[in-house]
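Down below is the structure, laid out as structure tokens.
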Amino acid sequence: MSISSALNNAVSGLTANARIAEVTSSNLANVLTDGYARRSVELSSVQLGGVGAGVRVDGINRFVDAGLLADRRLADAALQGQERNTNMLVRLEQAIGGPDDLSGLGARLAAFENALISASSDPASDARLATVATRLDALAATLRANAQTVQALRTEADAAIGGDIDDLNRALIQVQDLNADILRVGASGNDPSALMDARQRVVDQVAAIVPVRVQARDDGTIGLLTVSGTTLLDSRAAEFGFTPTPTITADMSVASGALSGLTLNGEPIDVTRRLDGGTLGASFAMRDQTLVDMQASLDEVAVDLIARFQDPANDPTLVAGALGLLTDQGAVMDPADTVGLASRITINAAIDPSLGGNPALLRDGLGATAVGAVGNTAQLNQWIAALDAQRSDQAGMSLQSASGRVSILTSQVGATRLSSEEQLSFTSARWDTLREAELANGVDTDLELQTLLRVEQAYAANAKVVQTVDFMMQRLMEI
């Protein structure tokens, strides 16, 4: 081997080892960086005329387990969506209250019934009759507060959809731009790995909102599809449209046109069928299904209570169509207009002492035209019996007592929350397992340190060759 060949071999070795040291140092520095993929330097030998002429850096390999990454992203979408569901259901249950909650709907109904029983034991007591009216007013107020909580959560879910759409559109544009940057950098012969890391982090953001599959291309760019096959990114990013609603009421829905649906490139899209699984689908399901069902259950309780106390069979002084103990904002309940009734239910002003009403009507009957016997317990006992009667006052309602219907509501809320928490526990465990597997395929610090030691040895060997060639050249010059 000639001196020039030896020198070329050594210099190329120094260059290759410097590149390896740089990549290895980058691996060690980013061992805890999300989205960072381990790199290695791809080398090949150079042959000139059948003689070794050193080593060449062919490129940088970026190691990613595409299958594991795809599974982890799907698990991430499920986890994020389930966390959002569970959080809202926990807050809903806290607002409505469980069986043992003293401020819950069940406790308010029990307090009202106890007040009636107490008043029936001493019907001449104005204080006890006023307590009955106060407890009934508290029951109606609790129903209204629960209905307002449901609509507040629907409004929050609607706002979350708007935030997700803004984030999704922004992220898809970023992936589109990073695709262009990667293509340009790769075409110039430079390493686009850092750009690919950035793109992976952005795709993770997309995957939390909408479950996605990645289509890798030979030129380093990617396309994005949902698991149902809807294109999010091809040559250009798709654009989603959504208009948030500042305040949502019980009667508002997508079908009525009062709430915004979702559009994809200007065309309506069915979220449930094509974009379900992440935070976006969870928010739509919460706004348009879960919370709507909860509102319907609250309305059933309101229908049941109003119907019990405006039924002439439970108060002989009433005529058909007259106001009962509870009203629809001061009016008789319209069986054809019960959507949102729980948010409108109020106590009859005629018995509300805070509005100048006379609680004695609870004893004498709401339609009484004269003061009855102060010791008469008949009407109070009829109110108590009305609470225990099995009724069904609307199509689809089961026969229940007043307390039984409230128990069904609280059980429904609790069971829905418990089911969501169980699902959250499963999805969280699955995500943890996949995340650990993904990290296990990441940077191995022991291996990288060993690589640095080998680089140091190779660097020293190549430097020794250069030093020896330099010494030989100097001696030749001296001759």
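State all residues of region 20-74 that are buried (at least 16 other Cβ atoms within 10 Å of the Cβ) and of a type in the set (D, E, K, R); if no residue qualifies, say none. Correct list: 38, 39, 62, 71, 72, 73.
Only residues in region 462-477 that are surrounded by 11 or more Cβ atoms within 10 Å (Cβ to Cβ) count as the first member; pair them with residues that are of a type in the set (S, T, N, Q), Cβ under 7 angstrom, at least 6 apart or cross-chain, and list the lot. Qualifying pairs under 7 Å: 462/17. Regarding residue 198, is this residue within 30 Å of residue 298 (Cβ to Cβ) and of a type in the set (A, V, I, L, M, F, W, C)? So residue 198 does not fit the description; no. Is one or more of the residues making up region 339-358 touching a strand residue (DSSP E or B) at 6+ places or on another chain (Cβ under 7 Å), open to solvent by 20 Å² or more (accessible area, probe 1.4 Å) and basic (Lys, Arg)? Within region 339-358, one or more residues are touching a strand residue (DSSP E or B) at 6+ places or on another chain (Cβ under 7 Å), open to solvent by 20 Å² or more (accessible area, probe 1.4 Å) and basic (Lys, Arg). A single entry from 40, 5 fulfils the requirement of being over 45 Å from the mean Cα position of the chain (by Cα) and polar (S, T, N, Q): 5.
Residue pairs whose Cβ atoms lie under 8 Å apart, sitting 6 or more positions apart in sequence or on different chains, and linking a residue in region 251-275 that is touching a residue at least 24 places away in the same chain (Cβ under 8 Å) and part of a helix (DSSP H, G or I) to a partner that is open to solvent by less than 40 Å² (accessible area, probe 1.4 Å) and hydroxyl-bearing (Ser, Thr, Tyr), are 274/226; 274/230.
Among the candidates 152, 171, 141, the residue that is part of a helix (DSSP H, G or I), small (Gly, Ala, Ser), surrounded by 19 or more Cβ atoms within 10 Å (Cβ to Cβ) and modelled with pLDDT of 95 or more is uniquely 171.
Taking the criterion of being modelled with pLDDT of 90 or more and charged (D, E, K, R), the only residue of region 392-405 that qualifies is 405.
Residue count for region 314-338 satisfying the condition of being surrounded by fewer than 19 Cβ atoms within 10 Å (Cβ to Cβ), within 41 Å of the chain's Cα centre (by Cα) and of a type outside the set (A, V, I, L, M): 5. Report yes if residue 291 is more than 19 Å from residue 390 (Cβ to Cβ) and open to solvent by less than 10 Å² (accessible area, probe 1.4 Å), otherwise no. The answer is yes for residue 291.
The residue list 271, 212 contains one member that is crowded, with 16+ Cβ neighbours inside 10 Å, touching a helix residue (DSSP H, G or I) at 6+ places or on another chain (Cβ under 8 Å), under 30 Å from residue 64 (Cα atoms) and of a type in the set (Val, Ile, Thr), which is 212.
Those residues that are within 19 Å of residue 242 (Cβ to Cβ) and of a type in the set (A, V, I, L, M, F, W, C), I need them from region 136-169; list them, please. Within region 136-169, 153, 157, 159, 160, 161, 165, 168 qualify. Selection of region 187-219 for residues being of a type in the set (S, T, N, Q), outside any loop (DSSP other than H, G, I, E, B) and free of Cβ contacts under 8 Å to residues at least 60 places away in the same chain yields 205, 215. Taken over region 223-258, the criterion of being open to solvent by less than 40 Å² (accessible area, probe 1.4 Å) and of a type in the set (Val, Ile, Thr) is satisfied by 226, 230, 245, 248.
The values are calculated or read from the model by the stated rules, or taken from the named source; none is laboratory data. A quick note: this is a predicted structure, and the numbers were derived from the prediction, not measured. Note that each Cβ is placed from the backbone with ideal geometry, even for glycine, and that neighbours are counted across all protein chains shown. Calculation scope for accessible area: heavy atoms of the full protein, side chains included, ligands and nucleic acids excluded. Shrake-Rupley method; radii C 1.70, N 1.55, O 1.52, S 1.80 Å.
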